[in-house]
Structure formats: structure tokens, C-alpha cells
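Working notes for the structure below.
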Amino acid sequence: MSRTVLITGSTGGLGLAVASALGRSGHTVIVSGRTPGRVASAVAELQASGIDADGRVLDVSSFESARCAADGLRARYGHLDVLVNNAGILPEATAAGDVEFIHPSAAAQTFATNTLGALYVIEAMLPLLRRSDAGRIVNVSSTVGSLREQEDPQSQYFSMIVPAYQASKAALNSITIGLSKLLVDSPIKVTSVCPGYVQTDLTPGNKTQAPLTAAEAAEVVVRAALLPDTATSGTFVDAGGPVRW
């Protein structure tokens with residue numbers, strides 16, 4: 001039975017790089033996104049490189065969309081081995097308007113995708129992950145969401161203030177901890193990962209200023225997706241090791 005992996009937000013950037021890496025390791029990869037044409041294009045790109053790829057249209061901000069995707073995967077594969085919650089946005093980077101602290105619509109969009117989106121997909125996919133003999137859930141987070149980094153004057157992230165994004169990732173880390181406790185008696189491992197500052201479309205500056213390519217940043221995500229059975233669940237890591245919560 002082939003090992004299956006679903007990556008949210010994987011029609012480009014980091015998500016597509018993760019799909020490519022896991023596909024080369026022998027997984028059947030299911031790429032997903034909101035736009036049918038982009039999903040089809042990503043699937044075709046992966047298949048052209050010899051990867052067993054499938055696609056699903058999935059809007060993570062809709063539980064109905066997540067449940068529909070789960071129904072499709074159940075009908076075709078019967079199980080899911082790895083879930084990578086990669087979909088994420090940072091609209092605060094480009095939101096316009098005179099605000100004191102937070103842009104209301106940008107905040108709503110941020111939580112709908114970065115936090116509720118992960119919760120919806122986890123809830124929809126857990127029954128399929130429980131059918132795996134070694135399920136893995138990887139929540140793509142960020143060190144800028146670390147509460148300790150935010151309050152530490154010596155941290156490189158201390159001066160960064162993007163409140164909705166930071167809070168959404170702190171909440172995602174809390175989800176990782178809670179989920180790992182729920183699943184403590186199961187073979188499913190849950191990990192939060194920070195891929196670093198990556199050359200993606202997350203903000204206008206990422207493509208030109210970030211030091212990491214998507215393929216380089218994908219390595220820490222892939223390691224979490226392939227955790228051995230002896231590994232600890234409920235951790236927060238980046239390429240260098242454990243990150244402070």
C-alpha cells in the first residue's frame with residue numbers, strides 16, 4: 001500500500017517543494033489549492049518528473065471544503081499517512097488603511113487560513129490518519145509566533161510586529177501541543193516546524209530578500225513528515241533544532 005501525503009497550499013512555493021521532495025521519497029502526493037487550474041498545473045509538473053501525484057481543490061477556510069476533500073481521499077485511497085498544513089497568508093504585509101495596531105479584515109483572513117484552516121483540515125483528515133500505521137501531522141509555523149522570541153529583547157524577532165500573523169502561528173503551535181496530547185496513545189506524531197525565511201509569495205519582499213529557496217526550506221518539513229516511530233510528538237523545530245515556544 002502506497003504512503004499518501006496531503007499538503008495544503010501546495011500549488012507553488014514551499015508546498016510544491018515539499019510535495020516534490022516527498023514524491024521523490026516514494027509517497028503518493030496530493031497537492032491542493034483553491035484554484036482548479038493551478039492544482040492541475042502542479043499535478044502535471046510533478047507527474048512530468050516521475051512523481052505519483054494527485055490533486056484536490058481545497059479551500060482550507062471552509063470546513064465543508066475540507067470534508068469534501070477527505071471524502072474524496074477516503075474513496076480513492078482509504079487512508080492518509082501524512083498531513084502537511086502548509087497553507088498560510090500574511091495580508092498584513094500589504095494591507096492599506098489607517099489603523100492603530102491591527103487591520104480588521106487582514107486579521108480575519110489570517111486566522112481563517114492560518115489557524116482555523118489547519119483546525120478544519122485536521123478535523124476532516126483525522127479519521128483517515130488513524131487508518132495509517134505511522135501517521136504524521138506537520139503544522140508549518142514560524143518562529144515569529146514564538147511568545148518567548150517576541151518578548152526577548154535579544155531575539156532577532158523582537159522588533160517585528162505583525163500581530164495577526166504572529167498570533168495565528170502561536171495559536172497553531174498550541175494546536176500542535178493539544179493534538180499531540182489527544183493522540184498520545186496512537187502512532188500519529190504531530191510537529192510544528194519553522195521553515196525559515198523563504199523565497200515565496202508570502203510577502204512582496206520574500207522573493208528578493210529571503211535567503212532560502214523553497215527546496216532548501218522544504219527539508220525541515222520533510223524531516224517532520226518522516227519522523228521515526230521513536231521520535232517525540234508535540235515539538236516545535238526549525239532547521240537548527242528545537243525552537244522556543
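The values are calculated or read from the model by the stated rules, or taken from the named source; none is laboratory data. Note that this is a predicted model, so its numbers are computed, not measured. Note that each Cβ is placed from the backbone with ideal geometry, even for glycine, and that neighbours are counted across all protein chains shown. Areas reflect the complete protein model, heavy atoms only, side chains present, ligands, DNA and RNA absent. Shrake-Rupley method; radii C 1.70, N 1.55, O 1.52, S 1.80 Å.
Of the residues 202, 212, 227, the single one that is at pLDDT below 95, hydrophobic (A, V, I, L, M, F, W, C) and more than 15 Å from the chain's Cα centre (by Cα) is 212. Applying a threshold of 6 Å to beta carbon distances and a minimum spacing of six or more residues, or different chains, the list of pairs starting in region 128-157 at a residue that is under 22 Å from residue 218 (Cα atoms) and ending at one that is part of a strand (DSSP E or B) and open to solvent by 20 Å² or more (accessible area, probe 1.4 Å) reads 136/189. For region 122-129, the count of residues that are over 26 Å from residue 68 (Cα atoms) and not polar (S, T, N, Q) is zero. Looking across region 95-122, the residues that are out of contact with any Gly (no Cβ under 7 Å at 6 or more places or on another chain) and under 14 Å from residue 175 (Cα atoms) come down to 111, 115, 116, 117, 118, 119, 120, 121, 122. What number of residues within region 73-100 satisfy the criterion of being surrounded by fewer than 15 Cβ atoms within 10 Å (Cβ to Cβ) and modelled with pLDDT of 95 or more? Counting residues in region 73-100 that are surrounded by fewer than 15 Cβ atoms within 10 Å (Cβ to Cβ) and modelled with pLDDT of 95 or more gives 3.
Of all residues in region 180-201, those satisfying the criterion of being in contact with a Leu (Cβ under 7 Å, 6 or more places away or on another chain) and either assigned to a loop (DSSP other than H, G, I, E, B) or of a type in the set (Lys, Arg) (or both) are 188, 189, 195, 196, 197, 199, 200. When residue 169 is tested against the conditions (1) loosely packed, with under 15 Cβ neighbours inside 10 Å; (2) among the basic types (Lys, Arg); (3) in contact with a Cys (Cβ under 9 Å, 6 or more places away or on another chain), the lone failure is (1).
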